[in-house]
Amino acid sequence: MEVLDTESPKFTNLPAPERAYIIIREAILAGEYQPNDRLREDELASRVGTSRTPVRTALHRLAQDGFVVFHPNSGAAVRGWTRKDAIEIFQVRACLESCAAGLAARNATPRDIRDLELICEEMESYRLAPETVESLSVLNRKFHTKILKLADNSKLEETALSLMDIGFLIRSYRFFSAKDEQRSLIHHRDLVAAIAAGDSDWSSSIMKSHIMAACDLVRTSEEE
């Protein structure tokens with residue numbers, strides 16, 4: 001993703017809610033606001049240089065993306081996950097998405113396979129680095145979303161997507177080394193091959209292994 005210069009006309013000409021969203025999100029990702037820190041609208045408005053209304057709009061968008069949570073009586077705060085939370089999310093995703101991959105193998109057309117291959121190619125064009133994490137996270141979600149759609153089960157898709165907000169995916173990448181990222185990309189290629197072959201058992205098995213590998217990185221990491 002392009003990093004905008006907040007002093008450039010390209011940034012200052014953006015609508016106020018968009019500017020507020022970018023500034024607050026970048027501050028959260030940079031660690032200026034820690035998990036569970038309260039986000040006061042008046043302070044953020046001063047920081048962004050706008051009124052509280054665009055800030056309020058930005059905070060709701062950040063909540064949809066998984067960066068912010070709203071608490072009764074105390075307002076917005078930076079969303080955090082414990083190690084246990086993250087492990088449980090990956091475990092449930094492994095169950096849901098392995099089922100979805102098996103269904104996708106029955107439904108995918110050659111065009112669908114090519115769409116998945118193109119996402120793989122785009123992901124492989126990036127090297128894992130702080131400045132590429134967001135792009136990789138967005139593409140990773142696009143890949144998994146495509147497979148969920150191919151399953152043609154709206155309840156399954158809706159439930160799985162609720163566990164894949166972009167804020168969680170971006171933060172999950174902090175556990176990945178370059179070697180881990182390469183393994184993940186290989187899993188994606190294997191998934192495409194299995195789905196293209198129409199093999200439901202193979203597709204399901206790879207997806208479960210793929211997600212549980214990420215879960216293991218969280219489980220064994222020394223970082224809290």
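The values are calculated or read from the model by the stated rules, or taken from the named source; none is laboratory data. Remember, predicted model here, so these are calculated numbers, not experimental data. Please note: Cβ atoms are built from the backbone with ideal geometry, for glycine as well, and neighbour counts cover all protein chains shown. The accessibility values were calculated without ligands, DNA or RNA, using every heavy atom of the protein model including side chains. Shrake-Rupley method; radii C 1.70, N 1.55, O 1.52, S 1.80 Å.
Okay, here's what the table says:
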read-out	value
Restricting the range 158-184 to residues that are of a type in the set (Gly, Ala, Ser) and either in contact with a strand residue (DSSP E or B) (Cβ under 7 Å, 6 or more places away or on another chain) or assigned to a helix (DSSP H, G or I) (or both), the residue that is surrounded by the fewest Cβ atoms within 10 Å (Cβ to Cβ)	Ala178
Filter result for the condition that a residue is small (Gly, Ala, Ser), farther than 25 Å from Pro35 by Cβ and modelled with pLDDT under 95, over Ala178, Ala197	Ala178
Of all residues making up the range 127-156, the number that are of a type outside the set (Ser, Thr, Tyr) and open to solvent by 30 Å² or more (accessible area, probe 1.4 Å)	13
Residue match in the range 77-87 (condition: surrounded by fewer than 14 Cβ atoms within 10 Å (Cβ to Cβ), part of a loop (DSSP other than H, G, I, E, B) and more than 19 Å from the chain's Cα centre (by Cα))	no
Sole residue being at pLDDT 95 or above, within 22 Å of Gly198 (Cβ to Cβ), assigned to a helix (DSSP H, G or I) and out of contact with any Asp or Glu (no Cβ under 6 Å at 6 or more places or on another chain), chosen from Lys155, Lys149, Lys142	Lys149
Residues within the range 11-22 that are surrounded by fewer than 20 Cβ atoms within 10 Å (Cβ to Cβ) and in a helix (DSSP H, G or I), tallied	6
Test result for Asn73, open to solvent by 20 Å² or more (accessible area, probe 1.4 Å), at pLDDT below 95, more than 17 Å from the chain's Cα centre (by Cα) and among the polar types (S, T, N, Q)	yes
Boolean, Cys95 is at pLDDT 95 or above, in a helix (DSSP H, G or I) and open to solvent by less than 10 Å² (accessible area, probe 1.4 Å)	no
